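The values are calculated or read from the model by the stated rules, or taken from the named source; none is laboratory data. Owing to the predicted nature of the structure, the values given are computational and were not obtained by experimental measurement. Cβ coordinates were reconstructed from backbone atoms using ideal geometry, including for glycine residues, and neighbour counts include every protein chain displayed. We work out accessible area using only protein heavy atoms, side chains counted, and drop any ligands, DNA or RNA first. Shrake-Rupley method; radii C 1.70, N 1.55, O 1.52, S 1.80 Å.
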Amino acid sequence: MNPTPEEIAAFADGQLEGADHARVAAAIAADPALERQVSAHRALANRLGAHFAPITAEPVPDHLAALLKAPQDKVVSLAEARARRKGPPRWAWLAGPALAASLVLALTLRPPGDADRAGYADAQLASALDSQLVGRQSADAPVRVLLSFRDAGGAYCRAFERAAGAAIACRDAQGWQLRNRSPVTGSGTNSGTNSGAPSGQYRQASSAGDVLAAAQAMANGPALSAEEELAAQRNGWRVRP
C-alpha cells in the first residue's frame, strides 16, 4: 500500500520511526513520484523557514512581556462566576428584538453584487493579496501572506492567514478566488465541527498548517522565490499567454 500524504510529510520532516519509517522509505525509493513529493515538501519547509526566521527572532513586545510577569494575587471562584451568570441578563428581553432588527437591516441593506462575489476575496483581503510580499509585510498586518505558488493550471495562488482563519486564494479574471474552503451542511456542520455558518456558505481552513498542506498538494513546483513573487506582483498576478 502506498504511503498516505500525511506519512510522506512526516517522513520528509523526520518524524517517522521504526517500522513505519522503513516501510515509507522503501516505498519512496521504489517510486520516483514519491521522491519528488518528498523533495517538494522539504523545499517548501526550507523556504518557509527562511521567510519566518526574522519574525521568530523578534523580541516579545513590552506590553505582552508585562502580562507574563504580572502577579496573579486574586483567585477567581468558578462557582461564584457561574452563579452570577446563571439565567439571562435582565436586559435580554430588550436586546433580543434589537439584535433581530439589526440582522434584518443587515440582510436588507446588503450591498449589491455581494452575491456575485461569493467565493472570492473581499476588498480588504484582495488588496492585501495584490500588494503584500511575503518578505516585506508588516508583522502585525491584518492579513499575513504565508507563501505564493502556481497551481497545476498555471494560476498564481497565495496562502494567507487572518483573524477569520487561513486559506488559499488563486487569481483569475474576476479576482482572488478562495480555493481550499469546505462546504457547510444544512445543520451548520462540516466533518463534525460546528462552523456556525448557514447552508450553502463556506468556511476557511482552521489553521496555517492545514493551508500549507493544501498548498503543497496544489502547487505545481516549489513556492515562488522573492524575485518571482515581485515579478508576479508587478504583472498584476496575471498569467502571461
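If only residues of the stretch 138-165 that are surrounded by 15 or more Cβ atoms within 10 Å (Cβ to Cβ) and free of Cβ contacts under 8 Å to residues at least 24 places away in the same chain are counted, the one that is farthest from Ala213 (Cα to Cα) is Val143. Among the residues of the stretch 25-46, those identified as closer than 14 Å to Ala219 by Cα and either more than 22 Å from the chain's Cα centre (by Cα) or open to solvent by 40 Å² or more (accessible area, probe 1.4 Å) (or both) are Arg36, Gln37, Val38, Ser39, Ala40, Arg42, Ala43, Ala45. For the stretch 121-137, a residue qualifies if it is small (Gly, Ala, Ser) and open to solvent by 30 Å² or more (accessible area, probe 1.4 Å), and the qualifying residues are Ala123, Ser127, Ser131, Gly135.
Select from the stretch 197-237 the residues that are at positive phi and either modelled with pLDDT of 90 or more or open to solvent by 70 Å² or more (accessible area, probe 1.4 Å) (or both) and list them in ascending order.
The initial filter retains those residues of the stretch 197-237 that are at positive phi, namely 200, 221, 236-237.
Result: Gly236, Trp237.
Residues that are at pLDDT below 90 and hydrophobic (A, V, I, L, M, F, W, C) within the stretch 120-146 comprise Val134, Ala139, Ala141, Leu146, listed in sequence order.
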